[in-house]
Amino acid sequence: MGPVLEGKAALVTGAAGGIGGAVARAFADAGARLFCVDRVDVEFVCDLSRADEAERAVATAEERLGGLDVVFNGAGISGRSLGDGPVDACTEEAWNAVLDTNLKSVFLCSKYSIPALRRSGGGAVINLSSVLGLVGSELFDTHAYAASKGAIVTLTRAMAVAYAADGIRVNAICPGLIDTPMSERARSDAETMARLRQLQPLTGEPGRPEDVAGAAVYLATAPFVTGAVLTVDGGWTAQ
């Protein structure tokens, strides 16, 4: 890929996950200096749905890296095990947990990152959404998850307009079904896999975390792209 991020300081949240980990590796391969955040197994462990912890994470990233140029908001959960499902069945616990982890974390991390990006003279924010934030699916009827990912799309567009004058580009990635630990339940479901040839007609298979990571590197380095919602879904939303 080449050192297209040479010398850039990048904050990656959700870095212990399948997609977040792939993004961190891709950023590092592209020459970026990294600060990785998650709830487990990374250099900075915190809960980004808590304002004080999100503020501390961003401040520590800026201090250790000597600035901040790129923010990848990848922290998230599925919520299925907590009771996420159709609205008539979704538990309040699941709704609150999913919206806090998936959406509030993007809000808080962005809130504290924007001033740091301004101090660096601009930069890029990349928010991880989902095809389920764009289209409905009877196979993936987790409505708290869909609501959180749809809100990330609209938040991304609002931020892109608000911060364009600061030289801060804000874009979103909407993956389809990707081969990660979080998608194991879906990938183990015979009906879902039988439908995948239709849903993701390009390959008929789950995508790779590296597919999403490549999109993240592109959005981190594309100087004339902001407010974009980039689908990485094997053709799911093209139909």
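The values are calculated or read from the model by the stated rules, or taken from the named source; none is laboratory data. The structure presented is a predicted model; accordingly, all values stated were derived computationally and were not measured. Every residue, glycine as well, gets a Cβ built from its backbone with ideal geometry; the counts of neighbours run over all protein chains shown.
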Within the range 137-149, tally of residues that are over 12 Å from the mean Cα position of the chain (by Cα) and crowded, with 18+ Cβ neighbours inside 10 Å: 7
Considering each of Asp84, Asp88, Asp69 in turn, give the residue that is at negative phi, acidic (Asp, Glu) and touching a strand residue (DSSP E or B) at 6+ places or on another chain (Cβ under 7 Å). Asp69
Quick one: is Glu93 surrounded by fewer than 18 Cβ atoms within 10 Å (Cβ to Cβ) and not in a loop (DSSP other than H, G, I, E, B)? yes
Options Ala28, Ala75, Ala16; residue that is surrounded by fewer than 21 Cβ atoms within 10 Å (Cβ to Cβ), aliphatic (A, V, I, L, M), at pLDDT 95 or above and not in a helix (DSSP H, G or I): Ala16
Take Met193 and tell me if it is modelled with pLDDT under 95, surrounded by 15 or more Cβ atoms within 10 Å (Cβ to Cβ) and in a helix (DSSP H, G or I). yes
Tell me, please, whether a residue that is within 17 Å of the chain's Cα centre (by Cα) and of a type in the set (Lys, Arg) can be found in the range 25-40. yes
Only one of these conditions is not met by Val170: (1) within 15 Å of the chain's Cα centre (by Cα); (2) assigned to a helix (DSSP H, G or I); (3) not basic (Lys, Arg). Which number is it? (2)
Tally time: how many residues in the range 114-136 are in contact (Cβ under 8 Å) with a residue 24 or more places away in the chain and surrounded by fewer than 24 Cβ atoms within 10 Å (Cβ to Cβ)? 11
Checked against (1) in contact with a Leu (Cβ under 8 Å, 6 or more places away or on another chain); (2) of a type in the set (D, E, K, R); (3) surrounded by 14 or more Cβ atoms within 10 Å (Cβ to Cβ), Arg157 satisfies every condition except (1)
Evaluate the following for Ala160: is it under 19 Å from the mean Cα position of the chain (by Cα), of a type outside the set (Ser, Thr, Tyr) and under 21 Å from Gly18 (Cβ atoms)? no
Selection within the range 78-105 - of a type in the set (A, V, I, L, M) and either farther than 10 Å from Ser148 by Cα or over 13 Å from the mean Cα position of the chain (by Cα) (or both): Leu82, Val87, Ala89, Ala94, Ala97, Val98, Leu99
